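Beneath this line is the structure, given in structure tokens, with notes to follow.
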Amino acid sequence: MAGMATGTLITVAPTGAETAKSDAPALPVSVEELVSTARGCEAAGAAVIHVHVRDAETRPTLDLGFVRESLSAVREATDLVVQVSSGGAVTDTEDARLAVLDADPDAASLTCGTVNFGADVFMNRYEFIERLFLEMRDREIVPEFELFDLGHVATMNRVLDKHGEPYGGHVHCDLVMGVPGGMPGTTQALVTCVAALPAGATFSATGVGRSTIPVMMAALSTGGHLRVGMEDTLTFAPGEPVRDNEQLVTRAAGFARHALRPPLSPEDARAILGVKNRRPIPIQSGAQA
Ligand code: KMH
Ligand code: ZN
């Protein structure tokens, strides 16, 4: 491994698309809940937020109006890097998943292959992956390559070999481990994927469900970054439901500090990922109208 990272980039994935609000009442689903979660998670050590949006009935939606409203509310309230999900829910169409890029996020997730997802299938055809990659580059959106399996690493490498660098000039991946149907949340699986990443790439990892803690420790010990949140983890400890997303970010930040790799700021994350500045220009005090 070429040089360990000195800090830890923490991404929070607070909502996801697959859990019902009725099953996890602490799940942030309204714009107000999302903003308050984003603020709390930034204060606890997150630098990036991975956003899935819900409609007024708390159902997952890719409706552009809802997505735009959510992204701009988070941007106004925090300095977090705003990463929209282009994965959506397992039921979403390719056209709807591409259209979220019109909301002009800083970054977007880009899943690099099809995977069984519990009883469902999360479909990602190769041509669609290429299309997302190229549309993101045209729109100056930083991709985060979502890798649920070793084959997804191979597909990411195939896209990069064919098309060159993503927007931002840097490859950042997220290993999503422990999904029923994807790779297991084990140190062996993580190390195998990391060995297959291109030179200079950075990665975060998240372990779904019971693999949360083992994956966090494996990621930190191999120079990786962390993703946590209620999209991936609903149980804090056996028999203890997660209180809220801040609780998960606080725990991840604690692990990172123990590893002597404290949380990176959103500003650090912007520099590492090559994020374009889309933040609202602050009004100068004393400025003339
Ligand atoms: N909801 C999952 C099927 C992403 O955000 O890009 C897909 C997902 C990945 O959450
Ligand atoms: Zn997601």
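In this structure, is ASP232 acidic (Asp, Glu) and over 15 Å from the mean Cα position of the chain (by Cα)?
Spelling it out, it is not the case that ASP232 is acidic (Asp, Glu) and over 15 Å from the mean Cα position of the chain (by Cα).
Let me spell it out: the conditions are (1) surrounded by 24 or more Cβ atoms within 10 Å (Cβ to Cβ); (2) more than 15 Å from ligand 2 (Cβ to nearest atom); (3) not small (Gly, Ala, Ser), and ARG39 meets all of them except one. Which number is the exception?
Single failed check for ARG39: (1).
With of a type in the set (Val, Ile, Thr) and within 13 Å of ligand 1 (Cβ to nearest atom) as the only criterion, which of VAL100, VAL82 stands out?
Details: VAL82 fails: within 13 Å of ligand 1 (Cβ to nearest atom).
That would be VAL100, the only listed residue that is of a type in the set (Val, Ile, Thr) and within 13 Å of ligand 1 (Cβ to nearest atom).
Restricted to region 203-216, and to residues that are surrounded by fewer than 17 Cβ atoms within 10 Å (Cβ to Cβ) and touching a residue at least 12 places away in the same chain (Cβ under 8 Å), which residue is farthest from ligand 2 (Cβ to nearest atom)?
Restricting to residues being surrounded by fewer than 17 Cβ atoms within 10 Å (Cβ to Cβ) and touching a residue at least 12 places away in the same chain (Cβ under 8 Å), the top hit is ARG210.
Does region 217-234 hold any residues that are within 16 Å of ligand 1 (Cβ to nearest atom) and surrounded by fewer than 22 Cβ atoms within 10 Å (Cβ to Cβ), and which are they?
LEU234
Would you confirm whether or not region 121-144 contains a residue that is surrounded by fewer than 18 Cβ atoms within 10 Å (Cβ to Cβ), within 15 Å of ligand 2 (Cβ to nearest atom) and either at pLDDT 95 or above or of a type in the set (D, E, K, R) (or both)?
Yes.
Is it fair to say THR58 is more than 12 Å from ligand 1 (Cβ to nearest atom), among the hydroxyl-bearing types (Ser, Thr, Tyr), in a loop (DSSP other than H, G, I, E, B) and farther than 30 Å from CYS193 by Cα?
Here the answer is yes, as THR58 does meet what is asked.
Whether any residue in region 92-108 is more than 19 Å from PRO166 (Cβ to Cβ) and either of a type in the set (Lys, Arg) or touching an Asp or Glu at 6+ places or on another chain (Cβ under 8 Å) (or both) is what I want to check.
Scanning region 92-108, I find no residue that is more than 19 Å from PRO166 (Cβ to Cβ) and either of a type in the set (Lys, Arg) or touching an Asp or Glu at 6+ places or on another chain (Cβ under 8 Å) (or both), so the answer is no.
Condition (residue is surrounded by 24 or more Cβ atoms within 10 Å (Cβ to Cβ), more than 16 Å from ligand 2 (Cβ to nearest atom) and not in a loop (DSSP other than H, G, I, E, B)) applied to region 180-188: is it met by at least one residue?
No, that holds for no residue.
Rundown of residues vs (1) crowded, with 19+ Cβ neighbours inside 10 Å; (2) of a type in the set (Val, Ile, Thr), yes/no style:
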{"site": "THR11", "(1), (2)": "yes, yes"}
{"site": "GLU32", "(1), (2)": "no, no"}
{"site": "GLN83", "(1), (2)": "yes, no"}
{"site": "SER86", "(1), (2)": "yes, no"}
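For region 47-73, give me each residue that is away from ligand 2 (no atom under 15 Å from the Cβ) and β-branched (Val, Ile, Thr).
THR58
Every residue, every condition in (1) in contact with a Gly (Cβ under 9 Å, 6 or more places away or on another chain); (2) among the aromatic types (Phe, Trp, Tyr), yes or no:
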| residue | (1), (2) |
| --- | --- |
| PHE145 | no, yes |
| PRO166 | yes, no |
| LEU197 | no, no |
| GLY200 | no, no |
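Could you list, in sequence order, the residues of region 98-119 that are without any contact (Cβ under 8 Å) to a residue 40 or more places away in the chain and either crowded, with 22+ Cβ neighbours inside 10 Å or among the polar types (S, T, N, Q) (or both)?
Hits for region 98-119 are VAL100, ALA103, ALA108, LEU110, THR114.
Evaluate the following for ALA73: is it within 23 Å of ARG54 (Cα to Cα), hydrophobic (A, V, I, L, M, F, W, C) and modelled with pLDDT of 95 or more?
Values: within 23 Å of ARG54 (Cα to Cα): yes; hydrophobic (A, V, I, L, M, F, W, C): yes; modelled with pLDDT of 95 or more: yes.
Here the answer is yes, as ALA73 does meet what is asked.
So, in region 30-55, of the ones that are in contact (Cβ under 8 Å) with a residue 40 or more places away in the chain and not in a helix (DSSP H, G or I), which residue ends up nearest to PHE255 (Cα to Cα)?
GLY45
The values are calculated or read from the model by the stated rules, or taken from the named source; none is laboratory data. Computed from a predicted model, the values in this text were never measured in an experiment. Cβ: placed from backbone, ideal geometry, glycine included. Neighbour counts: every protein chain shown.
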